[in-house]
Every structure is written in C-alpha cells, then in structure tokens.
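Peer 1: Take this structure first; my questions come after.
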Amino acid sequence: MNHRDIRTILLVEDSLADAEMALDALNGAHLANPVVHVEDGVDCLDYLYCRGEWAGREPVDPAVVLLDIKMPRMGGIEVLTHLRADERFRRVPVVILSSSREESDLARSWDIGANAYVIKPVDVDQFFDAVRTLGQFWAVLNQGPEQD
C-alpha cells in the first residue's frame with residue numbers, strides 16, 4: 001500500500017476542546033492516516049468539493065468523516081444530507097460525534113445514512129476509546145467499495 005492509498009480522516013468539529021480530544025485519540029491510535037480538521041459544515045463541504053481555501057487540493061475522498069452534529073453556519077445533519085444526496089459522496093463513511101442524547105438526533109442520523117453515532121461523553125477516556133476504535137475500524141479495517 002503506497003502513501004497515495006492512505007486517505008485522510010476529516011474531522012468536522014467547532015469546539016476546539018472536543019477537536020483536541022479527538023485528535024489526541026486518533027494520534028494515540030497510531031493511524032497512518034493524516035487528519036484534517038475543519039470547524040463547520042460549510043468548511044467541510046468546501047474541503048470535499050475542493051472549493052474556497054481547499055481549491056488546490058487533490059480531489060481524493062476521505063477515509064471517514066467524523067462529524068459533529070451541532071455547529072454554527074451548517075450542522076452535521078445538513079452536511080450528512082448533502083453527502084447522501086450526492087452520488088460521489090454517498091458511500092463515504094460518516095461517524096456522527098454528538099454531545100446530544102436526543103433520540104430525534106440519533107434517529108435522523110441513522111435515517112439519513114450515518115455509519116455510526118458516538119455520544120461525546122464527559123469522560124475523556126471513554127471518548128478516546130470510542131474515537132480510537134472508530135478510527136482504526138474505518139481507516140484500517142473497513143474496506144470501502146472498489147473504485148472504478
């Protein structure tokens with residue numbers, strides 16, 4: 001597997017404290033995947049569609065999108081809806097990260113097509129374990145459909 005095959009983990013999180021926790025957990029999992037952090041749904045779509053500040057990047061889809069649900073400008077549910085409506089991004093794995101235990105958020109995420117839903121626990125170790133496990137599963141173990 002050469003370096004070009006190692007795809008990015010895209011972290012979409014407006015809380016810098018939560019982003020730091022997620023990055024620490026991913027680093028602790030020793031994944032080869034680089035992590036890109038953007039702060040809201042608008043920046044996430046700019047990254048995916050290679051627009052705005054991401055206009056120059058190579059159009060390679062991320063291995064997984066770790067997506068916060070409550071963000072300014074555009075939240076996680078709206079981003080997920082966009083991705084699942086677009087043929088190109090329909091199969092990109094999306095993990096919803098949420099501090100919400102509201103059933104409605106959970107149900108909507110599954111209905112729209114989230115691959116996993118992680119409640120951001122107050123317990124840092126739990127959050128580390130969740131993100132680390134997900135990171136390893138999606139980035140290392142999860143074989144996406146073969147690209148033509």
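Peer 1: Considering only residues that are more than 17 Å from ASP61 (Cβ to Cβ) and β-branched (Val, Ile, Thr), look in region 77-96 and name the one that is surrounded by the fewest Cβ atoms within 10 Å (Cβ to Cβ).
Peer 2: By that ranking, first place goes to THR81.
Peer 1: Within region 24-37, is even one residue open to solvent by less than 30 Å² (accessible area, probe 1.4 Å), within 12 Å of LEU66 (Cα to Cα), out of contact with any helix residue (DSSP H, G or I) (no Cβ under 9 Å at 6 or more places or on another chain) and of a type outside the set (Phe, Trp, Tyr)?
Peer 2: no
Peer 1: Let me ask another. Please identify the pairs in which a residue from region 75-94 that is closer than 18 Å to ALA107 by Cβ has its Cβ atom under 6 Å from the Cβ atom of a residue that is among the charged types (D, E, K, R) and part of a loop (DSSP other than H, G, I, E, B), counting only partners at least 6 apart or on another chain.
Peer 2: ARG84/ARG90
Peer 1: Please specify each residue of region 99-120 satisfying the condition of being out of contact with any Leu (no Cβ under 6 Å at 6 or more places or on another chain), part of a helix (DSSP H, G or I) and not acidic (Asp, Glu).
Peer 2: Those that are out of contact with any Leu (no Cβ under 6 Å at 6 or more places or on another chain), part of a helix (DSSP H, G or I) and not acidic (Asp, Glu): SER104, LEU106, ALA107, ARG108, SER109, TRP110.
Peer 1: Counting just the residues of region 97-122 that are hydrophobic (A, V, I, L, M, F, W, C) and surrounded by 14 or more Cβ atoms within 10 Å (Cβ to Cβ), which one comes out farthest from MET21 (Cα to Cα)?
Peer 2: If we take residues in region 97-122 being hydrophobic (A, V, I, L, M, F, W, C) and surrounded by 14 or more Cβ atoms within 10 Å (Cβ to Cβ), then ILE112 is farthest from MET21 (Cα to Cα).
Peer 1: Moving on. From the list VAL42, VAL64, which one is out of contact with any His (no Cβ under 7 Å at 6 or more places or on another chain), closer than 16 Å to ALA130 by Cβ and aliphatic (A, V, I, L, M)?
Peer 2: VAL64
Peer 1: Test each condition in (1) touching a residue at least 60 places away in the same chain (Cβ under 8 Å); (2) surrounded by fewer than 19 Cβ atoms within 10 Å (Cβ to Cβ) for PRO59 and report the one that comes out false.
Peer 2: Going through the list (1) touching a residue at least 60 places away in the same chain (Cβ under 8 Å); (2) surrounded by fewer than 19 Cβ atoms within 10 Å (Cβ to Cβ), PRO59 breaks only (1).
The values are calculated or read from the model by the stated rules, or taken from the named source; none is laboratory data. Since this is a predicted model, take the numbers as computed values, not measurements. Note: ideal-geometry Cβ built from the backbone for every residue, glycine included; neighbour counts use all protein chains shown. Ligands, DNA and RNA are stripped out before the accessible areas are found, and what is left, the full protein with its side chains, is counted by its heavy atoms. Shrake-Rupley method; radii C 1.70, N 1.55, O 1.52, S 1.80 Å.
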